[in-house]
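Heads up: the structure comes next, in structure tokens.
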Amino acid sequence: MKDIGIGIIGGGYMGKAHAVAMASVAAVFNTALRPRLEMICATSMESAERYRRAYGFARCTESWLDLVRDPGVEAVIIASPQDTHRAAAEAAFALGKPVFCEKPLGASLDDSRAMVAAATASGAINMVGFNYIRTPASRFARQLVTDGEIGEVTWFRGEHTEDFLADPQAPATWRTTGMSNGTMGDLAPHMINGALALIGPITRLIAEVETVHSERPGGSVTNDDHAQMMCRFENGAMGQMYFSRISTGRKMGYAYEISGTKGAIRFDQEDQNALWLYRMEGPDATRGFTKILAGPAHPDYEPFCQGPGHGTGYQDQIIIEAKDFLTAIDTGKPVWPTFRDGMEVNRIVATALASCESKTWQDVAAF
């Protein structure tokens, strides 16, 4: 077993999640590499010191560049706002350090292309944080589709819906400013990544992107509240997706349905330890969707708990990501999703925004 010094840029919501994951992953998965919480960075020394004490880091800084360049930091986790991702990643790759970057990969498609180029030139391990598709239930769904258990996929419906800005009187914040912080920049990438993972590449799409509440207490809204998209997958399947931060009543509506020639699958993240499977077999009188509870027979479940139906949670998804990142570093073999996979999500987002502007179908390959 070998220690590896971890540096995290950003100590807020996701910074804390990654700190907890790196502190726990070796105990959960018995990883060959044992993370050492070396340094954390925040926007001021006061907050950096607060995070250092709370999460158990050895040191802290207010300079992300100092963190990246520090010899004690052997792998970098970027958990800061999207517009900081590119510079931090490029600096880390220039030193040959592995990088885990929270989604979306960059604040724009140009950013993500540059980040892929830097990763490729360095040869360093790189990975993007799309955690929801890594639940044991969704990992099993992906396995079922890949193995042909529901036949040829003919249709996909996905959504990522929440209601944290459903109230028109909720005040304007950083989330309501700049397209990278809007629904297409924040929520849509998760389900687009899920669709690519479950069904495969998207070739064509048409989209509508809309701001419903253009004014909020404290300021104007400069990004989108919700969006819808129809698409065609490379394998011929039809698809549709909806993304919203104003979907009243939805708290974690990462949900999908997949129809195939031999069966179907349904999943909803608000019940993340259950997968619904329909098989077109047996007497009509007994056919129906079967609720499958996640358990030790499903990917990445048993290290957390030996009891079926006991369930995993949000933080466990981040621990699974930490395991995969460390495994990639240890073996030198990339683990999905890499920066290139993250760039493909940005490409779909860029295509959707162009489609909304032109009000026409767009070919993804053109972007």
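Things worth noting here:
- Ellipsoid equivalent to the chain - semi-axes via the Cα gyration tensor, in Å: 32, 26, 20
- At an R0 of 30 angstrom, the distance between the Cβ atoms of Ser63 and Trp174 translates into a FRET efficiency of 0.90.
- Ordering of 128-137, 294-303 by packing [mean C-beta count within 10 Å, highest first]: 128-137, 294-303
- Pairwise FRET efficiency - Thr222 versus Asp3, Cβ, R0 = 41 Å, nearest 0.05: 0.35
- Simple label model, 7 Å out from Cα along Cβ direction - Asp271 to Asp110, nm: 4.6 nm
- Of all the options Met191, Met22, Met280, the one that moves most in a Gaussian network model of the chain with Cα springs shorter than 10 angstrom is Met280.
- Farthest towards the positive end of the charge dipole of segment 2-132, among the residues Ala48, Ala91, Ser108, is the Cα of Ala48, using unit charges on the Cβ of Lys, Arg, Asp and Glu.
- Sequence ranges 92-103, 44-55, ranked by mean other-Cβ count within 10 angstrom, highest first: 92-103, 44-55
- Range of Cα positions in segment 87-235 per principal axis (Å), largest first: 49, 45, 29
- Cβ crowding within 10 Å averaged over residues, with 31-38, 323-330 ranked highest first: 323-330, 31-38
- Hydrodynamic radius of segment 209-275 per Kirkwood, over alpha carbon pairs, in Å: 14.6 Å
- Projecting the Cα atoms of Ala195, Ala352, Met179 onto the charge dipole of the chain (Cβ charges, centred on the Cα centre) puts Ala195 farthest toward the positive pole.
- Based on C-alpha pairs under 8 angstrom that are at least 6 apart in sequence, segment 2-132 has a relative contact order of 22 percent.
- Each Lys or Arg adds one and each Asp or Glu takes one away; over the other residues whose Cβ falls under 11 Å from the Cβ of Ser63, this sums to -2.
- Count Lys and Arg as plus one, Asp and Glu as minus one, and take only other residues whose Cβ is under 10 Å from that of Glu281; the net charge is then +3.
- With the helix formula -39500 (n - 2.57) applied to DSSP H stretches of n ≥ 4, the chain reaches a computed 222 nm mean residue ellipticity of -10500 deg cm²/dmol.
- Taking N as its residue count, the alpha carbon Rg of segment 215-367 over 2.2 N^0.38 Å: 1.33
- Straightening the chain between Trp155 and Arg50 buys 33.0 nm, computed as 0.36 nm per residue apart minus the Cα-Cα spacing.
- Angstrom value of the Kirkwood radius, inverse mean 1/r, which spans all Cα pairs in segment 2-132: 14.5 Å
Throughout, read-outs are computed from the coordinates displayed, never taken from laboratory work. Not measured: the values here are computed from a predicted model. No Cβ is skipped: glycine too gets one built from the backbone with ideal geometry, and neighbour counts run over all protein chains shown.
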